[in-house]
Amino acid sequence: MQFQQLQYFVAVAETRHFTRAADLVHVSQPSLSQQVKALERELGADLFQRARGNITLTDAGEALLPLARRILADADTARHEVQELAQLRGGRVRLGATPSLCTGLLPDVLRAFHDRYPGIRLLIEEGGSHDLVRELARGALDLALVVLPLPTPSPALTTVELLREDLVVVSSPEEPRPGGGRRAVDIGDLAGERLVMFRHGYDLRELTVAACRSARFEPTFAVEGGEMDAVLGFVRAGLGIAVVPRMVAARSGRGLRVTPLTRPGLHRTIALAHRSDVAPPRAARELQRMLLER
């Protein structure tokens, strides 16, 4: 019994016509008929009752049909699984993330992913959550790490909460401690401080400015418009202080003093997002799993 014979048998059973079945499986009608007859000889039973213009299944054919369909479905599943595994030996993953996450969360996870799947190219795009959502929607990214709540909620995206991260205040050790020298400060204590501020469109900018205004003061900027690395560099140089994620502060090495915020403090929620209508490629799903299990 050959796999191809089962394909031809199922095609005839579903179309009840040898010529239409041959068209369906892209072979000539005589070739299909010969293969079906060979299958019948192999099984020792007729599978079809053949009458002019009327093809019906025999009892043997009725018995074989669900088994043949299952065999074909299992073969298709096996082919799909092998192809999926092959994707993990090559291809690419297009991941979007905010710059602070590229600095804090991603290096360790991407290193582990690269060690396990060295043949997969990692294409990283930095941007604010608004930009990343737009890139996801147009199919330019497979996955994105975004800050919740999204600037424009979209039913076309699926988001899974990844972590809730504390924000801290960083300053130069060469400058006085912020908030009058206390070991922990609240947002109100920053009213007299000069802030090094991120560019417009940066999630941390909106969050920090909103927190200052909730504390009833307008923040004073010493420098504004930078990305994460620039902001940290300006703080090290003593130009001002900045509010950054704890993971970023922890990875930034020497040259920064870290001051926590008193309760309730400031936090941000990070989520992993992908399009709802299109399943991410296998390699992207594997990266997603590693991020969720990190």
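The values are calculated or read from the model by the stated rules, or taken from the named source; none is laboratory data. The model shown is predicted, which means the values in this text are computed figures rather than measured ones. Using ideal geometry, Cβ is built from the backbone for each residue, glycine included, and neighbour counts are taken over all protein chains shown. In case anyone asks, the SASA skips ligands and DNA or RNA and just uses the protein heavy atoms, side chains included. Shrake-Rupley method; radii C 1.70, N 1.55, O 1.52, S 1.80 Å.
Contact annotation: residue pairs with Cβ atoms under 9 Å, 6 or more positions apart or on different chains, pairing a residue in region 263-276 that is closer than 14 Å to Met247 by Cα and in contact (Cβ under 8 Å) with a residue 12 or more places away in the chain with a partner that is part of a loop (DSSP other than H, G, I, E, B) and open to solvent by less than 60 Å² (accessible area, probe 1.4 Å), are Ile270/Thr98; Ile270/Leu105. Of the numbered criteria (1) of a type in the set (Lys, Arg); (2) touching a Gly at 6+ places or on another chain (Cβ under 6 Å); (3) on the phi > 0 side of the Ramachandran plot, the one Arg194 fails is (3). Within the set Leu148, Leu163, the sole residue that is among the aliphatic types (A, V, I, L, M), at pLDDT below 95 and closer than 30 Å to Gly192 by Cα turns out to be Leu148.
Considering only residues of region 192-209 that are over 17 Å from Asp229 (Cα atoms) and open to solvent by 50 Å² or more (accessible area, probe 1.4 Å), which is modelled with the lowest pLDDT? Ranking the candidates gives Gly192 first. Per the listing Glu224, Glu218, Glu193, the residue uniquely farther than 25 Å from Ala273 by Cβ, touching a residue at least 40 places away in the same chain (Cβ under 8 Å) and either out of contact with any Pro (no Cβ under 6 Å at 6 or more places or on another chain) or among the acidic types (Asp, Glu) (or both) is Glu193.
If I filter region 17-24 for residues that are in a loop (DSSP other than H, G, I, E, B) and without any contact (Cβ under 8 Å) to a residue 40 or more places away in the chain, do I get at least one hit?
yes
When Val258 is tested against (1) more than 19 Å from Gly128 (Cβ to Cβ); (2) touching a Lys or Arg at 6+ places or on another chain (Cβ under 7 Å), only condition (2) is not met.
Kindly indicate whether Gly139 is surrounded by fewer than 17 Cβ atoms within 10 Å (Cβ to Cβ), more than 13 Å from the chain's Cα centre (by Cα), of a type in the set (Gly, Ala, Ser) and assigned to a loop (DSSP other than H, G, I, E, B). For Gly139, the condition - surrounded by fewer than 17 Cβ atoms within 10 Å (Cβ to Cβ), more than 13 Å from the chain's Cα centre (by Cα), of a type in the set (Gly, Ala, Ser) and assigned to a loop (DSSP other than H, G, I, E, B) - is not met.
The set of residues in region 237-255 that are buried (at least 19 other Cβ atoms within 10 Å of the Cβ), out of contact with any Lys or Arg (no Cβ under 6 Å at 6 or more places or on another chain) and not hydrophobic (A, V, I, L, M, F, W, C) comprises Pro245, Ser252.
For region 76-130, give me each residue that is within 25 Å of Arg246 (Cβ to Cβ), touching a helix residue (DSSP H, G or I) at 6+ places or on another chain (Cβ under 8 Å) and among the charged types (D, E, K, R). Scanning region 76-130 gives Glu125, Glu126.
If you go through region 143-184 and keep only what is among the acidic types (Asp, Glu) and either on the phi > 0 side of the Ramachandran plot or open to solvent by 20 Å² or more (accessible area, probe 1.4 Å) (or both), you end up with Glu161, Asp166, Glu174, Glu175.
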